[in-house]
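Asker: Sharing a structure here in structure tokens format.
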2 protein chains.
Amino acid sequence: MADEDCVRGDAALTRAFAILGTRWTGLLLGQLGHGAAGYRELSRAIGKVSDSVLSERLTTLAEAGLVKRTVLEGPPVAVTYELTDAGRALIPVLGQISDWAEEHLPA
Amino acid sequence: MADEDCVRGDAALTRAFAILGTRWTGLLLGQLGHGAAGYRELSRAIGKVSDSVLSERLTTLAEAGLVKRTVLEGPPVAVTYELTDAGRALIPVLGQISDWAEEHLPA
DNA sequence: ATAGCCACTTCGAAAAAGCTAGCAACTAGG
DNA sequence: CCTAGTTGCTAGCTTTTTCGAAGTGGCTAT
């Protein structure tokens, strides 16, 4: 691998982990891989994330273009979150991480 | 996917991100994918990680069995870190994350 | 009316990360 | 001998991130 490739690869990995390396984000994306969900649905699925951090993570993911936030005007008003194409492209990778953990990280 | 599979997958993903979801860990593993390295070499390569956190991350990775810490008695005494088989198994996945970021996360 | 749900927001507390001086073990140069 | 540098951490204090829980407004049900 040429130095240029190494440098570019590391910069991309840095950008990826600027997102994935924050607490809860990987699990959030994994959960959304099962399908669109509301805020409280996500909160219950992840279980141990605080409201303020869940809200902030969803905002960050929406701003990064990985998640689409849709307001349903109701009544009652509701918000759903779903993966964009960019977000969905990560799901097979998350599956591989999961497989890796099954094999290499004891329960 | 049966519920049991979903549950198991999510538990594994949780275990994976208990490690990958901490700051610097993904980049550290990516750097070690280029080959064994000493502490200061890793510090310089990552660039923005503090000494105390780097030390703690390496300890965590060694305890989880992803990294092997080897003391070279010298003189001068030196320590090298290298990926174990378990750690190395993650490198192709990190490569895919990097490819994904190249395509979906603008620089 | 109360009580519950939802999707957040706010604010102070706790945990994680950062900063940096310091240590011991070394090397190099004056 | 000294100083100055390297390495691989550690300790203690500071800053940032996450947490926990109360709160808001918009709704539904009793």
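Asker: How large, in percent, is the carbon and sulfur part of the accessible surface of the stretch B:23-104 at a probe radius of 1.4 Å?
Answerer: Carbon and sulfur: 49 percent of the exposed surface of the stretch B:23-104.
Asker: Also: To test your reading of the geometry: what angle, between 0 and 90 degrees and rounded to tens, separates the Cα axis of helix B:3-20 from the longest principal axis of chain B?
Answerer: Tilt of helix B:3-20: around 20 degrees.
Asker: Another question, if that's okay. Could you give the dipole magnitude of the stretch B:23-104 about its Cα centre, charging the beta-carbon of Lys and Arg +1 and that of Asp and Glu -1, in debye to the nearest 20?
Answerer: Working: 8 positive and 10 negative charges, 43 e Å.
Dipole magnitude for the stretch B:23-104 comes out near 200 debye.
Asker: Between B:Gly38 and residues 5 or more places away or on another chain, which pairs have amide H atoms under 5 Å apart, with H built 1.01 Å from N, and which residues are they?
Answerer: B:Tyr81
Asker: Further question: Output ³J(HN,Hα) for the stretch A:30-36: one whole-Hz value per residue in order, computed from phi by the Karplus curve 6.51 cos²θ - 1.76 cosθ + 1.60 with θ = phi - 60°, and x for Gly and Pro.
Answerer: Those phi angles translate into x, 5, 5, x, 7, x, 4 Hz.
Asker: OK, next. Output the Kirkwood hydrodynamic radius of chain A, Cα pairs only, in Å rounded to one decimal.
Answerer: Details: mean 1/r = 0.0658 Å⁻¹.
15.2 Å is the Kirkwood radius here.
Asker: Can you sort B:Trp24, A:Trp100 by 1.4 Å-probe accessible area, starting with the largest?
Answerer: Details: B:Trp24 50, A:Trp100 15 Å².
Reading off the accessible areas and sorting them downward yields B:Trp24, A:Trp100.
Asker: Tell me: how much accessible area in total is hidden between B and A, 1.4 Å probe, Å², nearest 100?
Answerer: Accessible area lost upon association: around 3300 Å².
Asker: Considering only protein heavy atoms, what is the solvent-accessible area of A:Leu105 at a probe of 1.4 Å, reported in Å² to the nearest 10?
Answerer: My reading of the accessible area for A:Leu105 is about 10 Å².
Asker: While we're here: Could you give, in nm with one decimal, how far B:Gly74 is from each other copy of that position, shortest first, with labels 7 Å out from Cα toward Cβ?
Answerer: Those label-point separations list as 6.5 nm.
Asker: For the stretch A:10-34, which residues drop by 50 square angstrom or more in accessible area between the chain on its own and all protein chains together (1.4 Å probe)?
Answerer: A:Leu13, A:Arg15, A:Phe17, A:Leu27, A:His34
Asker: Sort out for me the Cα centre separation of the stretch B:72-107 from the stretch A:54-76, rounded to whole Å.
Answerer: Value for the Cα centre distance between the two parts: 33 Å.
Asker: What Kirkwood hydrodynamic radius do you get for the protein assembly as shown when you take the inverse of the mean 1/r over all pairs of distinct Cα atoms, in Å?
Answerer: Details: mean 1/r = 0.0548 Å⁻¹.
Computed over the protein assembly as shown, the radius equals 18.3 Å.
Asker: Taking chain B as a Gaussian network, Cα atoms linked when under 10 Å apart, which of B:Arg88, B:Arg44, B:Arg23 shows the biggest mean-square fluctuation?
Answerer: Top of the fluctuation ranking is B:Arg44.
Asker: Identify which of B:Ala11, B:Ala89, B:Ala78 has the largest mean-square fluctuation in a Gaussian network model of chain B, with springs joining Cα atoms closer than 10 Å.
Answerer: Per the Cα network of chain B with a 10 Å cutoff, B:Ala11 tops the list.
Asker: Further, regarding this structure: Give the accessible surface of the stretch A:24-104 per residue, rounded to a whole number of Å², with probe radius 1.4 Å and ligands, DNA and RNA excluded. Intermediate values should be presented prior to the final figure.
Answerer: Details: 4200 Å² over 81 residues.
Per residue, the stretch A:24-104 has an accessible area of 52 Å².
Asker: Right, something else. For the protein assembly as shown, give the magnitude of the charge dipole about the Cα centre (Cβ charges: +1 Lys/Arg, -1 Asp/Glu; no others), in debye to the nearest 20.
Answerer: With only Lys, Arg, Asp and Glu charged at Cβ, the dipole is about 580 debye.
Asker: Same structure, new question: Would you check the accessible area of A:Val93, probe 1.4 Å, heavy atoms only, in square angstrom rounded to 10?
Answerer: 10
Asker: Residue by residue through the stretch A:65-81, what is 3J(HN,Hα) from phi via Karplus (6.51 cos²θ - 1.76 cosθ + 1.60, θ = phi - 60°)? Round to whole Hz and write x for glycine and proline.
Answerer: Once θ is set to phi - 60°, the couplings for the stretch A:65-81 become x, 8, 10, 10, 9, 10, 8, 9, 5, x, x, x, 4, 8, 10, 10, 10 Hz.
The values are calculated or read from the model by the stated rules, or taken from the named source; none is laboratory data. None of these values were measured; they are calculated from a predicted model. Here Cβ is always computed from backbone atoms with ideal geometry, including for glycine, and neighbour counts include all displayed protein chains. Quick note on the areas: whole protein, heavy atoms, side chains included, nothing else; ligands and nucleic acids left out. Shrake-Rupley method; radii C 1.70, N 1.55, O 1.52, S 1.80 Å.
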